[in-house]
Amino acid sequence: MKTDIIAKIEQDVKALKFKAQKQNVGTVVEIGDGVARIEGLSDVGSLELLDFSSGTKGLALNLEQYSVGAVIFGDFTKIKEGMEVKTTGQVLQVPVGEELVGRVVDALGSPVDGKGPIKVKDHYPVEKIAPGVITRQSVNTPLQTGIKAIDALIPIGRGQRELIIGDRNTGKTTIAVDTIINQRDVVCIYVAIGQKTSKIAQLVAKLEELDAMDHTIVVAASAADSATMQYLAPYVGCAMGEYFMDVGKDALVIYDDLSKHAWAYRQVSLLLRRPSGREAYPGDVFYLHSRLLERSARMSKEHGDGSLTALPIIETQANDVSAYIPTNVISITDGQIYLEPDLFYAGVRPALNVGISVSRVGGAAQTKAMKSVAGRLKLDLAQFRELQAFAQFAQDLDPATKAQIERGRRITEVLKQPPYSPVSVEEQVVALWSVTNGFMDEVEVDKVKEFENKYVQHLKLREKKVLNEIASKKELDAGMVKELERVTKAFVNSFGKGSKKNG
Amino acid sequence: MTKNKQLKKLAQKCGKFCCPDGRLDEKKVVSVIKNLKSLPRSQAIFAVSEFLKALKKQKAQTTLIVESSIPLPKTMLNRIVAKLKADYIISEVKNIVNPALLGGLKIKVGDSVTDYSLRDKISQLREAITA
C-alpha cells in the first residue's frame, strides 16, 4: 500500500513540468467589513476569483481606473494593508453533483454538517447565463406540493418560478418544507439566507426526521456568515440545481428568503461605494433577482428534458406588498402564493389568500382529474367570498345564498391542512370532489375535517380501486364519477348514522 | 466633494500627461505644478498631492523590480533589462534581496509578475503531490 503511494508520488513528480508563472498582481490599500480595495490588478476581469497571500479568496466586483473593489470570502481579519493579491484567471466555481444530496453545505459548497469531505466530479460556475428560448419548452408537468389549496387553486409546474410572499410567522417556510417532503423524484435544494443558525438546524432535523434529507441539499448562509456569503448563496444553490437540470432530472430550489438576500447585496454595494438608489438599494437590485430566477427553466427534449423549479420567498413588512423588493420579485416570477397573518390567526392554515394568489403557467401542468374539481372549487370559493362580505350586513338571506355560504365554509375547512402532512393527488381529488358536489353540505362545519379524514381512510381501506384508478389515469371519467358517487353516498349515510349515535 | 473628485480626475490626467511614453517628462511636470499652484490654496494642496500620487503610480508601471536571494551584479541586471525591453517600457531598475525565495528570480514590472524562484517551484511540486 505504502509503496503504491510512493510510486504514485514519484510518477507525479517525474511528470511535472515546472513553468514560470506570469501573474497579474495588486496591493491591498484598504480593508474592512469583508470588502477590500486593491491597487494594481490591471488585467483582472469582472467577477474573477482573486487569491490573497494568506490563502483567502476574494471576488473582483468593482473595476475602476486605478483600483479594484473586491469582496472577501471567509475570514478577512487575516488580510492586511499592503498584502499582495493575485488574479487566478478563473471565475468562482462550486462543486455540484449527486454526492451533495443529503448534505448541508455553506455558500462555497464546503460541508458544514460534520459528515466529512464531499468528493465531487464536477464544478459549475456560480454566475451563468440563463438558458435561451430555443432550449426551453413550456411548463407541462405538475410539481405536487401536497398542499390541497396550492395543488388545486395555484398549481405549480416543473420549471416555474412561484413566489411565496407574506409577513413574518405566516407559514412561508412551512409551505416550502411541505413541498420538499412531498417530492420523491425531484432533487430539492433549500437555500437559507440570513436565517438564525438554530432555525436552519431545526429545519435540517425536521427534514431528517421525515426522511426528506435523502433527496435534499441545504445551502446555509446564516446570519452569522458575512454579507458576501449571503449574497452568493442563492447563485450557488441555483448552480447545484442546474447540474440536475442539465443531466435531465427535475430539481426544485427554494430561496429562503430573497428580502434578506437584497439586504446583503445592499450592504456589499454600499461598502463598495456603489451609488445607491431607492431605499438605499443599488441600481441593479432588479437584475440581481431577475438573473437568478431566469435560470429556472423547463428544458426541451433535445436538451435533456430536465427542469429547475424555483420557489423564492419574500418576507413583507406589515403586509406591504408594494415595497421595492416585493414588487420587483412579483414582476419577475410566474405567480405568487400570498399568505396573510389575519387568516393565520383565524386558524386558516396554510394561511393562503386564494383570492389574490395566482399561478400564471401552472394551470397547463395540472392533471385532468384535478382540473375537473378545481374549476368548480374556484367558482364556489369566489362566490363565497363575495357573499360573505355581503352577508355581514344582511340578516335575512334567501336559501340559495345561505347554501352557497355554507358550501364555502365547508370548502375552507377542507382546504385547511396541518404542517408536514402532504396529501397525495388522488386523495386531494376525492376530498375536493366530495365537497364541491355537495356531499359535505349535511355535515356540520366543525365535523368537516373528521368527515374528510374518515372518508379518505374509508376509500383507502375499502375502495382502494377508485383511488388507484385516479392515480394511474390522472382523470375522472364518467364511469369513475358514478362509482365515486355510489361509494360517497354510502359513506355519507354511514357517517350520518355514526355521528347521530355519538351525539 | 464634487470639486475634490473633479480635481482628483484632473490630477490623474496630468499624471498621464507627464509620462507620455512611460518616461517622466520633467518640463511637463514643472509646468503642471505651476498651473496647479495657481488654484486657491486648499485646492492646490489637494491637487498637487493627488498629482504626485498619480506620478508615483505612473512611475511604478515602468519600474523593473528584480527580487533575488542574493545581490545581483549589474551585468546580470542589464541582461534582464535587455530581454524585457521588447515587451515593457523600463525607466528604472531595482534589485531587492529576498532570501525567502531560496534561489532564482522574481521579476516585477508594473502589475505583472513572473516567478522563476525556487520557492515557487517547490510550491508547484507540493500542489502536484497534494492534488
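The values are calculated or read from the model by the stated rules, or taken from the named source; none is laboratory data. Remember, it's a predicted structure, so these values are computed and weren't measured experimentally. In this analysis, Cβ positions are derived from the backbone assuming ideal geometry, glycine residues included, and neighbour counts consider all displayed protein chains.
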Being touching a helix residue (DSSP H, G or I) at 6+ places or on another chain (Cβ under 7 Å) and more than 11 Å from chain A (Cβ to nearest Cβ) narrows it down to one residue among B:ILE80, B:ILE45, B:ILE90, B:ILE70; which is it? B:ILE90
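Taking the conditions exactly as written (under 18 Å from A:LEU47 (Cα atoms), touching a helix residue (DSSP H, G or I) at 6+ places or on another chain (Cβ under 7 Å) and at pLDDT 95 or above), does A:TYR235 satisfy them or not? Explain how you work it out, then say what you get.
Working: under 18 Å from A:LEU47 (Cα atoms): yes; touching a helix residue (DSSP H, G or I) at 6+ places or on another chain (Cβ under 7 Å): yes; at pLDDT 95 or above: yes.
So A:TYR235 fits the description; yes.
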Quickly run through segment A:71-105 and pick out the residues that are touching a Phe, Trp or Tyr at 6+ places or on another chain (Cβ under 9 Å), small (Gly, Ala, Ser) and not in a loop (DSSP other than H, G, I, E, B). none
Note on segment B:111-122: residues under 17 Å from A:THR87 (Cα atoms) and either more than 7 Å from every other protein chain (Cβ to nearest Cβ) or surrounded by fewer than 19 Cβ atoms within 10 Å (Cβ to Cβ) (or both) are B:SER112, B:THR114
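Yes/no matrix, rows are residues, columns are (1) assigned by TED's automatic domain parsing to the domain that holds B:VAL29; (2) in contact with an Asp or Glu (Cβ under 6 Å, 6 or more places away or on another chain); (3) of a type in the set (A, V, I, L, M, F, W, C):
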residue	(1), (2), (3)
B:GLU67	no, no, no
B:PRO73	no, no, no
B:ILE80	no, no, yes
B:VAL93	no, no, yes
B:LYS106	no, yes, no
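Give the residue that is surrounded by the most Cβ atoms within 10 Å (Cβ to Cβ), with candidates limited to residues of segment A:84-111 that are within 14 Å of chain B (Cβ to nearest Cβ) and not acidic (Asp, Glu). Please lay out each step first, then the result.
To start, the set of residues in segment A:84-111 that are within 14 Å of chain B (Cβ to nearest Cβ) comprises A:84-89.
Now narrow it down to the ones that are not acidic (Asp, Glu): A:85-89.
On the way: A:VAL85: 25, A:LYS86: 18, A:THR87: 22, A:THR88: 15, A:GLY89: 12.
Going through the qualifying residues, I end up with A:VAL85.
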Going by what's in this entry, would A:SER357 be described as among the hydroxyl-bearing types (Ser, Thr, Tyr) and under 26 Å from A:ARG385 (Cα atoms)? yes
Which condition breaks for A:LYS402 when tested against (1) charged (D, E, K, R); (2) part of a helix (DSSP H, G or I); (3) surrounded by 14 or more Cβ atoms within 10 Å (Cβ to Cβ)? (3)
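At pLDDT 90 or above, in contact with a helix residue (DSSP H, G or I) (Cβ under 8 Å, 6 or more places away or on another chain) and either within 30 Å of A:ILE217 (Cα to Cα) or of a type in the set (Asp, Glu) (or both), is that true of A:GLY58?
Details: at pLDDT 90 or above: yes; in contact with a helix residue (DSSP H, G or I) (Cβ under 8 Å, 6 or more places away or on another chain): no; either within 30 Å of A:ILE217 (Cα to Cα) or of a type in the set (Asp, Glu) (or both): yes.
No, not satisfied.
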Out of the residues in segment A:23-32 that are within 7 Å of chain B (Cβ to nearest Cβ) and not polar (S, T, N, Q), which is nearest to A:VAL68 (Cα to Cα)? A:GLY26
Kindly evaluate B:ALA54 against the criterion of being in the same structural domain as B:VAL29 (by TED's automatic domain parsing) and in contact with a Gly (Cβ under 7 Å, 6 or more places away or on another chain). yes
For segment A:1-50, enumerate the residues that are touching a helix residue (DSSP H, G or I) at 6+ places or on another chain (Cβ under 7 Å) and of a type in the set (D, E, K, R). A:ASP12, A:ASP33
Expected single match for surrounded by 14 or more Cβ atoms within 10 Å (Cβ to Cβ) and more than 8 Å from chain B (Cβ to nearest Cβ) among A:ALA20, A:ALA36, A:ALA7 is A:ALA36
Which condition number does A:ASP211 fail, the rest of (1) free of Cβ contacts under 8 Å to residues at least 24 places away in the same chain; (2) of a type outside the set (Lys, Arg); (3) crowded, with 24+ Cβ neighbours inside 10 Å being met? (3)
Return a yes/no flag: does segment B:86-97 have any residue that is assigned to a helix (DSSP H, G or I) and either within 30 Å of B:TYR116 (Cβ to Cβ) or free of Cβ contacts under 8 Å to residues at least 24 places away in the same chain (or both). no
Output yes when any residue across segment A:52-65 is surrounded by fewer than 18 Cβ atoms within 10 Å (Cβ to Cβ), touching a residue at least 24 places away in the same chain (Cβ under 8 Å), within 14 Å of chain B (Cβ to nearest Cβ) and not small (Gly, Ala, Ser), and no when none is. no
Which residues, counting only those in segment A:39-51, are more than 10 Å from every other protein chain (Cβ to nearest Cβ) and polar (S, T, N, Q)? A:SER46
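Test A:ARG360 against the criterion of being touching a residue at least 40 places away in the same chain (Cβ under 8 Å) and of a type in the set (D, E, K, R), and give yes or no.
Numbers: touching a residue at least 40 places away in the same chain (Cβ under 8 Å): no; of a type in the set (D, E, K, R): yes.
The answer is no for A:ARG360.
May I ask you to list the residues in segment A:358-399 that are part of a loop (DSSP other than H, G, I, E, B), out of contact with any helix residue (DSSP H, G or I) (no Cβ under 9 Å at 6 or more places or on another chain) and either over 23 Å from A:LEU343 (Cβ atoms) or at pLDDT 90 or above (or both)?
As a first pass, look at segment A:358-399 and keep what is part of a loop (DSSP other than H, G, I, E, B): A:360-361, A:366-367, A:392-398.
Right, trim to out of contact with any helix residue (DSSP H, G or I) (no Cβ under 9 Å at 6 or more places or on another chain) and you get A:360-361, A:392-393, A:395-396, A:398.
Once the filter is applied, which keeps residues that are part of a loop (DSSP other than H, G, I, E, B), out of contact with any helix residue (DSSP H, G or I) (no Cβ under 9 Å at 6 or more places or on another chain) and either over 23 Å from A:LEU343 (Cβ atoms) or at pLDDT 90 or above (or both), segment A:358-399 yields A:ARG360, A:VAL361, A:GLN395, A:ASP396, A:ASP398.
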Residues being part of a loop (DSSP other than H, G, I, E, B), buried (at least 23 other Cβ atoms within 10 Å of the Cβ) and among the aliphatic types (A, V, I, L, M): count how many of those fall in segment A:127-153. 3
Does A:LEU352 fit the bill of being out of contact with any Ser or Thr (no Cβ under 6 Å at 6 or more places or on another chain) and modelled with pLDDT of 90 or more? yes
